[in-house]
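These notes concern the structure reproduced below.
The values are calculated or read from the model by the stated rules, or taken from the named source; none is laboratory data. Being a predicted model, the structure only gives us computed values, none of them experimental. Virtual Cβ from ideal backbone geometry, glycine too; neighbours counted across all protein chains shown. The protein model used for the area step is the full one, side chains on, heavy atoms only, and it has no ligands, DNA or RNA in it. Shrake-Rupley method; radii C 1.70, N 1.55, O 1.52, S 1.80 Å.
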Amino acid sequence: MKKNATFLKSILLILALVFIKTAFSQTYDENYLDGRIFFKFKNDYFVKLPYQREVNLNDLPDIQKVLSNFSVTKVERPNYNFKDKNLVRTFRVYFSNYSQTDQIIKKLEELPSVEYAEKEPLYRISYAPNDPYYSDNINGAGNYGWRWFYDLVNAEGGWQACYDQIGTVGSTNVKIAVVDNAIYTSHED
């Protein structure tokens with residue numbers, strides 16, 4: 001009887017894991033986020049929008065005309081609060097019919113105001129530092145928010161770019177400047 005119960009629990013666990021993997025995995029393209037694309041307006045195209053993330057397509061009639069033919073659920077400016085004009089001109093489109101991805105990209109790129117449209121890549125971390133303060137939960141003592149500055153400067157992206165270019169993270173050929181206005185005297189470095 002115990003063997004049957006253990007066997008049944010094992011089967012249920014395996015089925016649950018398969019369900020979870022299927023439910024939370026990419027379904028259309030494993031290298032890109034399902035139902036998301038980026039597009040950017042050309043630098044000489046004037047874009048006047050409210051200072052907010054969510055975009056009302058009524059403010060972008062050319063884009064609205066193109067996207068009205070697709071299953072678009074939302075349009076946003078992920079970098080609306082940046083000072084960099086290129087980033088502010090970049091938009092993210094959410095849609096529910098993943099098979100329309102290439103069609104949406106093609107239609108957006110046909111607009112004279114759009115510089116490019118592309119699938120949003122699925123970002124994967126392939127390197128994590130050995131800094132004990134990189135973890136948000138140091139020694140199980142709770143969340144101290146030590147990672148905010150890594151996210152602020154996109155450190156993981158820098159580590160990955162270094163790894164992609166030279167095959168290792170760490171090289172005497174890579175120069176890094178650290179500009180900081182504070183000192184943490186008890187840090188082991």
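Report ³J(HN,Hα) in whole Hz for each residue of the range 30-42, in order, from the Karplus equation J = 6.51 cos²θ - 1.76 cosθ + 1.60 where θ = phi - 60°; Gly and Pro get x.
Values, residue by residue: 5, 9, 9, 6, 5, x, 9, 9, 10, 9, 10, 6, 5 Hz.
Give the shape of the range 25-107 as rounded, prolate or oblate, defined through the alpha-carbon gyration tensor: a ≥ b ≥ c are the square roots of its eigenvalues, a/c under 1.5 means rounded, and otherwise the shape is prolate if a/b is larger than b/c and oblate if not.
Prolate is the answer for the range 25-107, as a/c is 1.5 or above and a/b outweighs b/c.
Quick check on my link table: of Lys48/Lys106; Lys106/Lys175; Lys74/Lys175; Lys83/Lys119; Lys48/Lys107, which ones sit more than 32 Å apart, alpha carbon to alpha carbon?
Lys106/Lys175; Lys74/Lys175, as the Cα separations exceed 32 Å there.
Subtract the Cα-Cα distance of Tyr51 and Gln165 from 0.36 nm times their separation in residues, and report this length gain in nm to one decimal.
Contour length minus Cα-Cα distance gives 37.4 nm.
Given the protein chains as shown and a 1.4 Å probe, how many square angstrom of Tyr98 are accessible, to the nearest 10?
The value for Tyr98 is about 80 Å².
Once R0 is set to 41 Å, what does the formula 1/(1 + (r/R0)^6) return for the Cβ-Cβ distance between Asp44 and Thr172, expressed as a FRET efficiency to the nearest 0.05?
Efficiency, from the Cβ-Cβ distance: 0.45.
Taking H placed 1.01 Å from N in the peptide plane, check which residues at least 5 places from Tyr116 or on another chain put their amide H under 5 Å from its amide H.
Counting only residues 5 or more places away or on other chains, the set is Lys40.
Could you put Asp164, Asp34, Asp84 in order of accessible surface area, largest first, with the 1.4 Å probe and the full protein assembly present?
From most accessible down to least: Asp164, Asp84, Asp34.
In the range 48-84, whose amide N lies under 18 Å from the spot 7 Å out along Cα-to-Cβ of Lys106? List them in ranges.
Those under the cut-off are 66-72.
Quick one: which residues, 5 or more positions from Leu33 or on another chain, have an amide H under 5 Å from its amide H? H modelled 1.01 Å from N in the peptide plane, none for Pro or chain starts.
Answer set, sorted by chain and number: Glu120, Leu122.
For Leu87, what charge total do you get from the other residues with a beta carbon under 10 Å from its beta carbon, if Lys and Arg give +1 and Asp and Glu give -1?
The answer is +4.
Sort Lys65, Lys106, Lys40 by heavy-atom solvent-accessible area, probe 1.4 angstrom, most to least.
Ranked from most to least accessible, the order is Lys65, Lys106, Lys40.
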